[in-house]
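Every number here is computed from the coordinates shown, using simple stated rules; none is lab data. Keep in mind it's a predicted model, so treat the numbers as computed, not measured. Positions of Cβ are backbone-derived with ideal geometry, glycine not excepted, and every protein chain shown enters the neighbour counts.
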Amino acid sequence: MKVRRILESAGAASALLLLMSAPAAAQYPPNQSDPATGEKYNVEVAFGLWNPTPEIVFSSEQFGITGSEISLSNDLDVLQKTFRDFRLVLRPARKHKFRVEYIPIKYDIDSLLTRSVVFNGIVYSVGLPVQGEFKWDAWRFGYEYDFIYRDRGFLGVIAEAKYTHVSAELSAVGINEFSEAKAPIPAIGLVGRGYLMPNLAVTGEFTAFRLPDNEDRDYGGRYYDFDIYSTLNFSNNFGVTGGYRRLTLGYQAENDFGDFQMKGFYVMGVARF
């Protein structure tokens, strides 16, 4: 009899605990992820316009004759212009992203030389009218891993290859010279994002590579890329981005030389799927 009463009392107590715990469970549901607007996607496509300053200097040697350091803006009167910017992000998992970017940079040259310059071993005399073009196809292929990821921001590392193809052509009466340089450049860096509001994010990233100059070799180089921008997301699928970017490239290949610094503001439209 006592055993039966004990079992009945235990059953009643268990039922009472279940009844008391049910409202508590309803009041405090388990934590669930609630990503900010614009963070639910597998594919992100962006297209925009970038308006950088043309701080570009290059030099090309030939026939053992060292070339002049030619400035696009100071020697060839090239003006600032706007370029298209294409970006693609593939996101198979929350913390993993594969990134591609392409910026086709091209300046047309039509100027009257204010000083004599040497390009590809040929002298272009002062006062000579010159035409031509300067092209820089800037590709980026990268992988991003966000080692810290929260609903309102993340911090990650980037490993990428920047494929750079630079070419310059100068023509005058009876003269037509062409020079180019191309190479994949590895880079590593950091990226971080935080949300000021549920649909307004601020992102910053920096990647870099440097091959120190060395007397034992005839080449060297550096590549720095700093990008900070804000994104306003109208929904998970659409948004607009505005930012500032500074891109620095320097290379030394035997007696050929290049020093490019391009910086300016940009605006982009963003679509996600």
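Provide the gained length on full extension for the span residue 149 to residue 55, in nm with one decimal, where the gain is 0.36 nm per separating residue minus the Cα-Cα distance.
In short, 30.1 nm is gained.
Would you mind getting the Kirkwood hydrodynamic radius of the chain from its Cα pairs, rounded to one decimal in Å? Mind dumping the intermediate values first?
Values: mean 1/r = 0.0447 Å⁻¹.
For the chain, the Kirkwood estimate is 22.4 Å.
In nanometres, what is the gap between the two model label sites at residue 235 and residue 112, each 7 Å from Cα along Cα-to-Cβ?
The answer from the label model is 5.7 nm.
On a C-alpha basis, how far is the centre of segment 139-155 from the centre of segment 243-273 in Å? Whole number, if you could?
Result: 21 Å between the Cα centres.
Which one, 115, 222, 87, has the greatest fluctuation when you compute a Gaussian network model over the chain with C-alpha springs under 10 angstrom?
115
How do 191, 126, 57, 157 line up, fewest other C-beta atoms within 10 Å first?
126, 157, 57, 191
Given the pairs 81/182; 95/135; 40/81; 40/106, which span a C-alpha to C-alpha distance of over 27 angstrom in this model?
Exceeds cut-off: 95/135; 40/81; 40/106.
Obtain the nm distance between the two label points defined at residue 228 and residue 161 by a simple spin-label model: each point lies 7 Å from its Cα along the Cα-to-C-beta direction.
The modelled label-to-label distance comes out at 3.2 nm.
Report the gain in length on full extension from residue 267 to residue 173: 0.36 nm times residue separation, minus Cα-Cα distance, nm rounded to one decimal.
Working: separation 94, 0.36 × 94 = 33.84 nm, distance 4.08 nm.
So the extension gain works out to 29.8 nm.
HN-Hα J couplings of segment 74-79 from phi, Karplus 6.51/-1.76/1.60, θ = phi - 60°, integer Hz, Gly and Pro as x?
My calculation for segment 74-79 gives 7, 8, 10, 6, 6, 9 Hz in order.
Starting from the amide H of residue 80, placed 1.01 Å from N in the peptide plane, find each other amide H under 5 Å away whose residue is 5 or more places distant or on another chain.
Amide H to amide H, under 5 Å and 5 or more residues apart or across chains, residue 80 pairs with nothing.
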